[in-house]
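Quick notes on the structure that follows.
The values are calculated or read from the model by the stated rules, or taken from the named source; none is laboratory data. Computed from a prediction, not measured in an experiment: that's the story for all the values here. A quick note on method: Cβ atoms are made from the backbone with ideal geometry, for glycine too, and the neighbour counts reach across all protein chains shown. Note: accessible area is taken over every heavy atom of the protein model, side chains too, but ligands, DNA and RNA are not part of it. Shrake-Rupley method; radii C 1.70, N 1.55, O 1.52, S 1.80 Å.
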Amino acid sequence: MGRVVVEVMPKPEILDPQGKAVAGALPRLGFGRFTGVRQGKRFELEVEGEVTAEVLEEAARAAEVLLSNPVIEDVVRVAPVEADAATTALAGGTA
């Protein structure tokens, strides 16, 4: 069984009140290096079998049609979960 991750973010010109609230809280909690926050959505789609190029194309179409609101959001990433876990591990996070 394979999984695809789809990440959706508000368009840059759209206000992000949740991101703004988090950005305001970070310095109060001792995280002063961060100057801005944008909050988005992450979806994990499961498929039978391996994640192929065709599966990724279909996930991208689903992201544009159903998972995002194209008026206010951009689909910023569609990738196999395995690639996502490797990126997270390289960044020092947990997979």
Seminar exercise, completed: Residue hits (the stretch 10-41; in contact with a helix residue (DSSP H, G or I) (Cβ under 6 Å, 6 or more places away or on another chain) and within 27 Å of GLU64 (Cβ to Cβ)) are GLY36, VAL37, ARG38, GLN39
Exercise. Which residues, taken from the stretch 15-62, are open to solvent by 50 Å² or more (accessible area, probe 1.4 Å) and β-branched (Val, Ile, Thr)?
Worked result: VAL22, THR35, THR52
